[in-house]
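Please treat every number below as a calculation from the coordinates, not as lab data. Keep in mind that this is a model prediction, so the values were computed, not measured. When we count neighbours, we look across all protein chains shown, and the Cβ atoms used for this are built from the backbone with ideal geometry, even at glycine.
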Amino acid sequence: MIGVIATLKIAAGKDAEFEEAAKALVAKVNANEPGCLMYELYRSPKLPDTYVFMEKYRDKAALDAHGQTEYFLAAQPVLGACLAAKPDIQSFVPVS
């Protein structure tokens, strides 16, 4: 199992555009990737320009496949245009 937390800071005035594209991506991932066990978007109540994608994958193959889907690749320019800074993407493994 692999967990991923991607933290994104969104530029002023870009929240609606970001949320529309991100929610569409979340729906496609959840509908099409059986190896992705969780893919959810959250917004910080204390830092309204900060969002996180919380993700959980069955294995590295599922994570790699996610990054190669046409809808993930197509979403990157749209999401990237909304960013105020480089995303902070971290991977985690479960503690047994």
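Enter the Cα centre distance for the pair segment 52-80 and segment 1-17, rounded to the nearest angstrom.
With segment 52-80 and segment 1-17 each reduced to a Cα centre, they are spaced 13 Å.
Would you list the membrane-span-like helices of the chain, meaning whole DSSP H runs whose alpha-carbon atoms span at least 18 Å along their axis and whose mean Kyte-Doolittle value is at least -0.5?
Answer set is 15-32.
Over the C-alpha atoms of segment 2-92, what are the Rg and the largest Cα-to-Cα span, Dmax, in Å?
Just the Cα atoms of segment 2-92 yield Rg and Dmax of 12.6, 36 Å.
In the structure shown, do any of 56/86; 9/86; 14/86 have a Cα-Cα gap over 18 Å, and if so which?
Correct reply: 56/86.
Is it possible to state the helix-based mean residue ellipticity at 222 nm for the chain, with each DSSP H run of 4+ residues giving -39500 (n - 2.57), the sum divided by total residues, to the nearest 500 deg cm²/dmol? What is it?
Taking each H run of at least 4 residues, the total per residue is -12000 deg cm²/dmol.
Arrange the peptides 33-40, 68-75 so that the one whose residues have, on average, the most other Cβ atoms within 10 Å appears first.
Answer by packing, highest mean first, reads 33-40, 68-75.
When the Kirkwood radius is taken over all Cα pairs of segment 1-43, what Stokes-Einstein diffusion coefficient follows at 20 °C and 1.002 mPa s, in µm²/s?
For these conditions, the coefficient is 183 µm²/s.
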